[in-house]
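Worksheet: the structure to be examined is printed underneath.
A short reminder: the numbers here are calculations on the coordinates, not readings from a lab. None of these values were measured; they are calculated from a predicted model. All Cβ positions, glycine included, derive from the backbone under ideal geometry; neighbour counts span all protein chains shown.
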Amino acid sequence: MFGWVQFVRSTDNTTGGTGFDMDPFILFEDAPSPYAFFGHKPTLFDAPSRAERRPLAWLAHSFLAHTPLDREQRCVLPLAGFSWGFDIDDAGDITVRPAAALTPADWDERLPYLGDSHPAWEFDKWQAGAQS
């Protein structure tokens with residue numbers, strides 16, 4: 001089983017664009033899971049939108065992760081990650097940010113936030129190249 005854990009930093013989020021927030025799937029935002037999408041072959045789909053087109057800087061960090069079913073504690077093991085996003089300027093023009101690979105440090109810096117947000121879960125460091 002795999003899932004996508006996604007964080008978003010935008011100029012209209014809770015930190016005003018200085019930090020990342022969890023980006024849960026809105027239909028399941030009350031579910032105590034760090035995953036936005038989860039399953040046998042989960043598909044990451046996001047269609048960020050706003051009621052009005054205003055200047056905005058929007059960046060997502062999306063991580064594909066694995067949760068072993070043979071552990072007592074729910075655990076998230078990151079496997080890969082990439083960033084993507086867009087910017088809207090003062091004229092309302094949209095510029096897409098190119099996708100870029102994320103590193104283990106990008107995941108590991110979110111571990112305290114993940115632990116605070118989801119205390120019933122364990123979050124492992126990203127062991128780049130390790131097999132689960």
Viscosity 0.692 mPa s, 37 °C: Kirkwood-radius Stokes-Einstein D of the range 46-123 over Cα pairs, µm²/s: 222
Ellipsoid equivalent to the chain - semi-axes via the Cα gyration tensor, in Å: 28, 15, 14
Note, ³J(HN,Hα) from phi for the range 78-89, Karplus 6.51, -1.76, 1.60, rounded to Hz, x at Gly and Pro: x, 10, 7, x, 8, 10, 6, x, 7, 10, 10, 8
Highest to lowest packing among 14-21, 43-50, 105-112, 86-93, scored as the average C-beta count within 10 Å: 105-112, 14-21, 86-93, 43-50
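To the nearest 500 deg cm²/dmol, what mean residue ellipticity at 222 nm is calculated for the chain from DSSP H runs of n ≥ 4 alone, each contributing -39,500 (n - 2.57), summed and divided by the residues?
-2000 deg cm²/dmol
Please state the charge dipole magnitude for the chain, taken about the Cα centre, from unit charges on C-beta atoms (+1 on K and R, -1 on D and E), reported in debye and rounded to the nearest 20. Write out the running numbers ahead of the final one.
Working: 10 positive and 19 negative charges, 59 e Å.
Here the size comes out at about 280 debye.
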3J(HN,Hα) from dihedral phi, the range 90-96, Karplus parametrisation 6.51/-1.76/1.60, rounded to Hz, x for glycine, proline: 4, 7, x, 7, 9, 10, 7
Square roots of 5 times each gyration tensor eigenvalue, C-alpha, the range 7-62, largest first, Å: 22, 13, 11
